[in-house]
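Remarks on the structure that follows.
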Amino acid sequence: MAKTIMGNMGYFFTNYLLVLTMMFSANAQFAKKTYLVQMDKPVMPKAFTNHLEWYSSKLKSALSTSPEADADSEKRIIYTYQNAFHGVAAKLTEGEAKKLEAEEGVVAIFPDTKYELHTTRSPAFLGLQPQKAPNVWSEKLSGRDVIVGVLDTGIWPESESFKDISMGPVPAHWKGACEIGTGFTKSHCNKKVVGARVFYHGYEAAIGRINEQKEYKSPRDQDGHGTHTAATVGGSPVLGANLLGYANGTARGMAPGARIAAYKVCWIGGCFSSDIVSAIDKAVADGVDILSISLGGGVSSYYRDSLSVAAFGAMEKGVFVSCSAGNAGPDPASLTNVSPWITTVGASTMDRDFPAEVKLGNGKIVTGVSLYKGQSVLSIEKQYPLVYLGSNSSRVDPRSMCLEGTMDPKVVSGKIVICDRGLSPRVQKGHVVRSAGGVGMILTNTEANGEELVADCHLLPAVAIGEKEGKDLKSYVLSSQSATATLAFKGTRLGIRPSPVVAAFSSRGPNFLSLEILKPDLVAPGVNILAAWSEAIGPSGLKVDNRREKFNILSGTSMSCPHVSGVAAFLKARHPEWSPAAIKSALMTTAYVLDNTKKTLTDASTAKPSSPYDHGSGHIDPIRALDPGLVYDIEPQDYFEFLCTQNLTPTQLQVFAKYSNRSCKHSLASPGDLNYPAISSIFTQKTATSFSRPVIVHRTVTNVGPPDSKYQVVISPFEGASVKVEPETLNFTKEHQKLSYKITFTPRVRQTSPEFGSLVWKNGLHTVRSPIVITWLAPPM
């Protein structure tokens, strides 16, 4: 009897699950999601008076034929795209999207994708403050008529960084707008912030209506991230800028004369590709010269990446696009935004730090970093009980990471608590400790962070320390019944050596989408960066933080990206005729790879020398980039020819081809022949016994230096291959002259790991450097 009941229950349960699965599948099939629909603009039938009418007609054809569907088709469209991208964003079911994709005139359909934000001393560190570079620092050269579009969380217009004192009229080519909304009026735009727009239709379609009690449904920045990046790009000089006394000095953007246009695409729940593409599309129409995009998602094929497609369209219009590489380092192949027409920026440190000390009861002093300054102060004359709720076990313990709900006030009250990094924000851990009665926190790095130290504006006395010191500290606590410590804060220190150092969190190569395109392109300051901040939120970013500061210190490739965007504006002002590729080339070939101790840039995650997979071409050097001598220029058709080598179908190539009616001319023998400033050679063995054939790549350089210039080549040696450059000398006789050369890589001894080196052209005045990576691919199994 029991078996029969159990059997019947099992039968019932199985059928119940089957019904649920069928219902779920049916709901998923009919649920509407946002899709970006790319249209073949030139083939619009003459029967239609405008493209929106045609797009709407196409949409109707994919819907049901009821009168309600006709009325519904207009409501389904949330954006129309006309400049960097052509088509619409619309709410469709999965079935409707598939049906629409088969329609004539529809090039491609992209599901809406969620992106995340990749979250002052830097002008001085980069040699850009007036007293060090008086000949290049002028209103004209610091970006007077250059407009930078910043796609982010909006802007806090009252910040002193956005004052327009002494700025001339808004450039005539600017066609943008200052959109009004909650807490934002047209008067908030000026000759510095020339435009501000919001994009939220994709976000609301995916997440729901924006709660205007929690964030501004306007260009005003609730988060702070957008204000920080915009000020880093082109903030006006502000004397006495600091965060709670830390990093005191003059805050200045990379191009303080540049104009800023804020495009708010990110909200509390993230950033969506339909909004991002709409912002890029509008920015191109508005007349921006530079796009700064400090966000990213995963990596997908070029033709499936809507941000990549829109950036291609912007590049075709002459717009330089800079994107953050991501904060997924030090894992290899962790990059985002890897398209060759995008400048991909990694993060590095500066020569400034915020030291703090942990003084242990056994007399040992551990050095760390902190930005704490508050009413709660620990006496340096007194020792406080020290507690660690984890163990020596490698097993993850939520208590060791001080997660919400894991602290017992009876255990931590009145004590300094050791917290491991991971799973929750660093400052959130301090809030958990403080809420449970702890008097201080020591934040210890784990293996993923190594010895890299990132300072935070904590809510209680707290110090961050490295992994090795953290292990020793935990051993001390776990082996002693009476472990004690106190914390001391040392302010701001300059002249840190070595610097710069590649940040451990900075995403790394190789670029597995196309190994021939070396990424990241370069690194720039992205650790502990001081810039303007939103006064709608405290410097820790936590809701419980009631402090209000005009400046904040943040870290991330989100911070390094606007450094490059601002320097690109700086170059555009000096060389308005340069293409986006020429600007990128100047930045890459003048980047440096030696730190202030004259050694190769260190990787913070290993404390060993970094490679081009970590730092790309090197660390940005703005002054040298103004006069690079030679540039590797790339036309839009050249980028398309690169795509023609990527095994894309004709339909997939249409995603990039239709705006300018492009077709493959097969001018590149291989992907490595794209005229990129970095060089990557791939040896491929077909079998275990066969030897790879020589690899030949070609490059063309344009003379942007003195008309009569003679360059000699210098190649670093490689163990696994011989490298021959023909010719070895380039003799230029006029400005803008183009000369080509060929590089032959001949394999000698197969290497088990990539080899790194460089190719340098020198003329006594200029040093034009390209990194080289030689990779050996194993034969198929």
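The values are calculated or read from the model by the stated rules, or taken from the named source; none is laboratory data. On a predicted model such as this, the values are computed, not experimentally measured, just so you know. Here Cβ is always computed from backbone atoms with ideal geometry, including for glycine, and neighbour counts include all displayed protein chains. Accessible surface areas use protein heavy atoms only, side chains included; no ligands, DNA or RNA. Shrake-Rupley method; radii C 1.70, N 1.55, O 1.52, S 1.80 Å.
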Unmet criterion (only one of (1) open to solvent by less than 20 Å² (accessible area, probe 1.4 Å); (2) farther than 18 Å from S555 by Cα; (3) modelled with pLDDT under 95) for P157: (3)
Of the residues T746, T752, only one is in a strand (DSSP E or B) and either charged (D, E, K, R) or open to solvent by 40 Å² or more (accessible area, probe 1.4 Å) (or both); which? T746
Does the range 409-426 contain at least one residue that is open to solvent by 60 Å² or more (accessible area, probe 1.4 Å) and in contact with a Ser or Thr (Cβ under 7 Å, 6 or more places away or on another chain)? no
Given the criteria at pLDDT below 95, of a type in the set (D, E, K, R) and surrounded by fewer than 17 Cβ atoms within 10 Å (Cβ to Cβ), does K734 qualify? no
Residue set A455, A488, A448, A464; condition at pLDDT below 95, of a type outside the set (S, T, N, Q) and surrounded by 20 or more Cβ atoms within 10 Å (Cβ to Cβ); output residue A455
Does at least one position in the range 278-286 carry a residue that is open to solvent by less than 10 Å² (accessible area, probe 1.4 Å), touching a Phe, Trp or Tyr at 6+ places or on another chain (Cβ under 7 Å) and among the polar types (S, T, N, Q)? yes
From D638, D633, D627, D614, residue being crowded, with 18+ Cβ neighbours inside 10 Å, at pLDDT 95 or above and in a loop (DSSP other than H, G, I, E, B): D633
Tell me the strands (runs of 3 or more DSSP E) entirely within the range 211-290 that contain at least 2 residues that are under 30 Å from F85 (Cα atoms) and out of contact with any helix residue (DSSP H, G or I) (no Cβ under 6 Å at 6 or more places or on another chain). 259-264, 270-272
Of residues in the range 340-369 being open to solvent by 10 Å² or more (accessible area, probe 1.4 Å) and assigned to a strand (DSSP E or B), the one nearest to G313 (Cα to Cα): R352
Answer with yes or no whether S560 is small (G, A, S) and over 18 Å from the mean Cα position of the chain (by Cα). no
Could you figure out which of (1) under 12 Å from C266 (Cα atoms); (2) open to solvent by 30 Å² or more (accessible area, probe 1.4 Å) isn't true of N211? (1)
